[in-house]
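The values are calculated or read from the model by the stated rules, or taken from the named source; none is laboratory data. In this text the structure is predicted, and so the values were computed from the model without any measurement. Counting neighbours? That spans all protein chains shown, and the Cβs are built from the backbone with ideal geometry, glycine included.
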Amino acid sequence: MSNPLLSLNYEPAIESLGGDYFDEVPAADFPQHILRFRNDQLLPTLGLDPAQVTDQHFIEAFGEFHCVRPFLALRYHGYQFNEYNPNLGDGRGFLYGQVRGTDGRLYDFGTKGSGRTPYSRSADGRLTLKGGIREVLAAEALHRLGVRTSRCFSLVETGDALWRGDEPSPTRSSVMVRFSHSHIRFGTFERLHYIRRPDLTKKLLDFVIEYYYPELHLEASNAGVSPAEKYALFYADLVKRVAELVALWMAAGFCHAVLNTDNMSITGESFDYGPFAFIPTYKPEFTAAYFDHYGLYCYGNQPFICKGNLEKLQQPLAAAIPQGDMDAALAKFGEYYNAAYRQLMLNRLGFEDLPEADGDELLKVTIKMLAESQVGYHDFFFELRRQFSCTWRDDASLIFSEAEPAELLAHWRQFYCHVLQSLSADDMDKMAQRLRQHNPEQSLLRPTIEAVWEPIALEDNWEPFYELVKRIQDS
């Protein structure tokens with residue numbers, strides 16, 4: 001039987017741009033191929049029935065790397081902790097292929113841990129098994145929380161013994177395939193500015209708009225706008241997408257950890273999760289990466305950093321977009337972010353919308369209570385979902401009646417009750433539904449990840465990992 005993963009209609013989209021943007025590379029040969037994770041939830045997006053795709057099909061395509069199209073290591077640069085680095089590019093991965101989903105959108109299969117490339121420098125081009133597991137979990141948790149994110153399509157253990165400074169070594173190895181809308185980064189454009197090729201910048205802009213901003217592409221074509229106007233509309237759309245993305249992270253209590261410009265997608269989708277973490281409690285200064293000594297990429301800085309990265313992107317885009325248009329677009333970042341964050345937090349509190357004054361005050365008192373009480377951030381929202389009762393509308397003392405410390409909850413409890421009193425019985429039923437939708441039962445704090453990694457490392461016991469994935473997806 002033919003392999004359905006190899007029989008997909010792969011499109012030469014990025015390949016059609018020409019060799020100025022990538023290098024053709026081979027995949028590594030691995031000692032073994034053990035499929036540890038396959039994301040059956042994604043197969044229908046490709047028009048595939050999970051029952052018709054075997055584990056061996058996954059191994060052939062994404063472990064042994066049978067070729068369909070050339071494998072492309074993409075070229076890019078980036079600002080890393082505010083220092084420009086021209087020595088980047090896909091150093092342990094490549095673009096495996098691009099396929100059209102049943103929704104008409106173009107999707108990428110991108111590898112991580114598939115071997116050395118011209119951009120590996122002194123590294124081995126491999127991915128630790130624990131690193132692959134962490135990204136599987138991060139992507140599924142963020143997807144459940146409604147965050148626009150890449151997801152892991154497969155994870156194959158490869159049998160190499162790796163040496164790492166941040167893990168007990170030797171440690172096990174893996175190769176992961178990431179499923180996303182695009183692997184084009186802010187740093188892809190920054191490289192073109194560095195090598196002084198504005199012609200390639202415009203060519204890439206046209207490509208990005210055609211493939212990843214199809215509504216804008218169609219609108220610009222029908223309206224007959226100039227290229228400069230089209231490019232300006234793209235940047236304005238990207239600003240909005242990034243502002244809304246970082247609002248999703250903040251509401252989810254997620255700290256990306258390494259928001260370098262090479263880790264930011266041109267589609268406004270989050271991907272490439274290294275030392276990420278979900279905050280245990282509400283602390284803006286919470287920092288996920290052990291090497292972020294000054295807290296540059298701490299949880300509370302994420303809106304500021306993302307806006308700054310959009311500002312850095314203006315330098316290469318100035319080859320095609322008037323500066324005034326970019327400045328006007330970026331000036332709306334705060335407006336987009338605040339509106340999105342307000343709505344997301346109201347949803348987590350159970351509301352579809354509230355009058356402006358009530359909504360703003362509820363958000364203010366909620367953040368103040370979370371910061372001062374240091375209750376578990378994720379526990380608070382889950383307990384809100386679990387304990388919510390229509391009786392709360394009539395008696396504030398019933399809201400988290402057994403919670404400690406009660407005095408830190410007092411003002412929040414009173415205001416929450418005040419807002420509930422404006423709702424009808426039907427509104428209260430819908431509120432309970434929203435709380436279930438926006439507040440999953442399963443969180444992904446670091447101890448939870450360690451609890452599933454330990455049995456894998458010590459006993460090769462994968463059941464806790466699979467159970468956690470299922471809880472995340474079903475919660």
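Only one of (1) crowded, with 22+ Cβ neighbours inside 10 Å; (2) outside any helix (DSSP H, G or I) is not met by Ala243, so which one is it?
The number of the failed condition is (2).
I want to confirm something. Restricting to region 70-127 and keeping residues that are of a type in the set (Lys, Arg) and assigned to a loop (DSSP other than H, G, I, E, B), which single residue is nearest to Arg164 (Cα to Cα)?
Here the residue is Arg126.
Here is a yes/no grid of residues against (1) modelled with pLDDT of 95 or more; (2) over 19 Å from Ile367 (Cα atoms):
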residue: Gly253; (1), (2): yes, no
residue: Ala257; (1), (2): yes, yes
residue: Asp262; (1), (2): yes, yes
residue: Thr267; (1), (2): yes, yes
residue: Gly274; (1), (2): no, yes
residue: Ile279; (1), (2): yes, no
residue: Lys283; (1), (2): yes, no
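Condition (residue is within 29 Å of Gln442 (Cα to Cα) and under 19 Å from the mean Cα position of the chain (by Cα)) applied to region 114-127: is it met by at least one residue?
Yes: one or more hits.
In region 345-359, which residues are among the charged types (D, E, K, R) and surrounded by fewer than 14 Cβ atoms within 10 Å (Cβ to Cβ)?
Across region 345-359, the qualifying residues are Glu352, Asp353, Glu356.
A quick yes/no check of all residues on (1) of a type outside the set (A, V, I, L, M); (2) assigned to a strand (DSSP E or B); (3) under 25 Å from Phe58 (Cα atoms):
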position	(1), (2), (3)
His143	yes, no, yes
Val147	no, no, no
Ser154	yes, yes, yes
Glu157	yes, yes, yes
Ser169	yes, no, no
Arg196	yes, no, no
Asp199	yes, no, no
Lys203	yes, no, no
His217	yes, no, no
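Please count how many residues of region 266-317 are free of Cβ contacts under 8 Å to residues at least 24 places away in the same chain, assigned to a loop (DSSP other than H, G, I, E, B) and touching a Pro at 6+ places or on another chain (Cβ under 9 Å).
So the count comes out to 1.
State yes or no: is Tyr299 within 24 Å of the chain's Cα centre (by Cα), assigned by TED's automatic domain parsing to the domain that holds Pro227 and over 30 Å from Tyr194 (Cβ atoms)?
Judged against the criteria, Tyr299 is a match.
Suppose the filter is of a type outside the set (S, T, N, Q), touching a His at 6+ places or on another chain (Cβ under 8 Å) and in a helix (DSSP H, G or I); does Glu210 pass it?
yes
Among Leu444, Leu468, Leu435, which is touching a residue at least 40 places away in the same chain (Cβ under 8 Å), buried (at least 19 other Cβ atoms within 10 Å of the Cβ) and over 22 Å from His256 (Cα atoms)?
Leu435
Matching residues to (1) closer than 19 Å to Leu310 by Cα; (2) surrounded by 18 or more Cβ atoms within 10 Å (Cβ to Cβ):
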residue: Arg172; (1), (2): no, yes
residue: Val175; (1), (2): no, yes
residue: His183; (1), (2): yes, yes
residue: Tyr194; (1), (2): yes, no
residue: Arg197; (1), (2): no, no
residue: Leu205; (1), (2): yes, yes
residue: Ile209; (1), (2): yes, yes
residue: Tyr212; (1), (2): yes, yes
residue: Leu218; (1), (2): no, no
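Taking helices (runs of 4 or more DSSP H) that do not extend beyond region 320-408, which have at least 1 residues that are of a type in the set (Gly, Ala, Ser) and more than 25 Å from the chain's Cα centre (by Cα)?
Fully inside region 320-408 and qualifying: 323-330, 356-373.
Is it true that Pro44 is surrounded by fewer than 20 Cβ atoms within 10 Å (Cβ to Cβ) and either over 26 Å from the mean Cα position of the chain (by Cα) or not assigned by TED's automatic domain parsing to the domain that holds Ser173 (or both)?
no
Residue check: is Phe37 touching a residue at least 60 places away in the same chain (Cβ under 8 Å), within 17 Å of Phe153 (Cβ to Cβ) and touching a Cys at 6+ places or on another chain (Cβ under 8 Å)?
Taking the combined requirement at face value, the residue satisfies it.
From the list His418, His378, His411, exactly one residue is outside the structural domain of Gln41 (by TED's automatic domain parsing), under 21 Å from Met250 (Cβ atoms) and of a type outside the set (A, V, I, L, M, F, W, C). Which is it?
His378
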